[in-house]
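K.L.:
Quick one: structure below, then a few questions.
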Amino acid sequence: MQNEHDNEISGRRQFLKCMAWAGAGTLWLMKGGVLHAQSLGDGAVASAKDASFSFVQISDSHIGFHKAPNMDVAETLRASLAQVNAQSTRPDFLLHTGDLTHLSKPEEFDTLSGLMREARTSRVFYVPGEHDVIGDNGAEFFRRFGERQQAGGWYSFDHHGVHFVGLINVLNLKAGGLGSLGAEQLAWLKKDLASLSAETPLVVFAHMPLWPLYPSWGWGTDDSAEAMTYLRRFGSVSVLNGHIHQIQQKVEGNITFYTARSTAYPQPAPGVGPGPGPMKDLPPGALHHYLGIRDVRHVQGKQVLAVTDEVLT
Amino acid sequence: MKITASRWLLGVMCVAASCVQPALAASAAATAHTSQIDIRNFAFAPKTLTVPVGTRVVWTNRDDEPHVIVSAGALFTSSHALDTSDSYAVTFSKPGTYAYFCSIHPMMVGSIIVQ
């Protein structure tokens, strides 16, 4: 675990260095299971050219939050979507990995829906965060944003040979526990993957981290290890999560885990400070450097995805 | 018939008296025994609270994140989402140990021991 953490820290340092070079953003290239950072520029354009398709991940828009360090989370979501729209190639779809809203209020869902219509993309796929299921176990969320494949809300789809799986790990949480997938969803996942060949690239997304990133702050999922036993036989697995409002990554065999930035506000690095609340004391004008979007390109014939994280400018 | 009626009357009086007495006791307890639990930095303070029967326990959220109070065994009604500075109160009228947690940050746990 210490080694993993060191890797994460050195990756973060590298990332911060890149931000100093470029400011606008960083291109993450995955080569043989290891991420390489590179500033956005000619390389990014070249990478985009040989991609067969791309999609964008956004996360943790927290519509309804209105405190330091971000009094206007609608505006930062709008800026994030403008950045998506400014990409040279239009993404095939967007993934929103949860915490659309801050308090699951109907008017917050209304605002989110309205803003998402500004994204120039044909589809948006959603999974709920724990902030989206308060008081009704997600009934309102699923009514508005659910895929309606399974009663539990989880789903999968295929896109250009890549199998995508949206998991729900923010419901039926137990006292003292972390995120939870539950026996029924795990059984479905096992069945969903059973007929796929090991060469099929997988992208699995859920709100809370699907690995024990920092359990004492609730950053993990109790039964994620069971899910990983179903994923391990595949040659390329990318796991995309939100929840922690910062980029962390980890490589475990053929499985690479990523967490995304928020479009609303940053949270501290694991264990830094008393708790995982919003980072309030940002230097003036620095907020946008902590927010951002993720652009993922699929390169045909390669077993890897090129992952780019961009800060708001 | 007269005896029955007076017994009935006595019964009514007893019922009335037994209704009034706990109500008075409860309202006296409400003013005498209110205990506070602060929610700060994703933790309940105090984490374990011991109170006499009839105590009104008030949780107040001091975090910038919302929290939701849920009884681990559904022994009391859950709160709505408590935003910053919001409070939630439960009066505990029976002895026992009441474990609870935050439904959206389940690593936050606490218990109330009612004696």
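K.L.:
Got a sec? Which residues in the stretch A:123-166 would a label at A:Ser195 touch, if it sits 7 Å along Cα→Cβ and we count backbone N under 15 Å?
P.N.:
Those under the cut-off are A:156-159, A:163-164.
K.L.:
Another question, then. Plugging the Kirkwood radius over Cα pairs into Stokes-Einstein for the stretch A:52-311, at a temperature of 25 °C and a viscosity of 0.890 mPa s, what D comes out in µm²/s?
P.N.:
134 µm²/s
K.L.:
Same structure again: Out of all Cα-Cα pairs in the stretch A:166-232, roughly what percent, to the nearest whole number, are more than 21 Å apart?
P.N.:
23 percent
K.L.:
Separate question: Between A:Asp136 and B:His33, what FRET efficiency follows from the Cβ-Cβ distance if R0 is 41 Å, with the result rounded to 0.05? Display every interim value, and only then the final one.
P.N.:
Working: r = 33 Å, r/R0 = 0.82.
With R0 = 41 Å, the Cβ-Cβ based efficiency is 0.75.
K.L.:
For the stretch A:55-163, run through the trypsin sites (Lys or Arg not before Pro) and keep only the ones in DSSP coil with at most 11 other Cβ atoms within 10 Å of their Cβ.
P.N.:
The qualifying sites are A:Arg117, A:Arg148.
K.L.:
Summing Lys, Arg as +1 and Asp, Glu as -1, what charge do residues with Cβ under 12 Å from the Cβ of A:Asn241 carry, A:Asn241 excluded?
P.N.:
+1
K.L.:
Given contacts defined as C-alpha pairs under 8 Å and at least six residues apart, what's the relative contact order of the stretch B:33-114, whole-number percent?
P.N.:
Relative CO of the stretch B:33-114 lands at 34 percent.
K.L.:
A:Ala269 to B:Asp86: FRET efficiency via 1/(1 + (r/R0)^6), r the Cβ-Cβ distance, R0 30 Å, to the nearest 0.05?
P.N.:
0.60
K.L.:
Sticking with this structure for a sec: Quick check on the exposure proxy: order B:Ile104, B:Ile37, A:Ile58 from fewest to most C-beta atoms within 10 angstrom. Each step should come with its number before you reach the end.
P.N.:
Numbers: B:Ile104 23, B:Ile37 20, A:Ile58 27.
Lowest to highest Cβ neighbour count: B:Ile37, B:Ile104, A:Ile58.
K.L.:
How many Cβ atoms of partner chains, on average, are near each residue of A:92-104 if near means within 10 Å of its Cβ?
P.N.:
1
K.L.:
Give the percent of DSSP beta bridges with both residues in the stretch A:52-311 that are antiparallel, rounded to the nearest 5.
P.N.:
50 percent
No lab work stands behind these numbers, since they all come straight from the coordinates. These numbers were taken from a predicted model, which means no experiment stands behind them. Note that each Cβ is placed from the backbone with ideal geometry, even for glycine, and that neighbours are counted across all protein chains shown.
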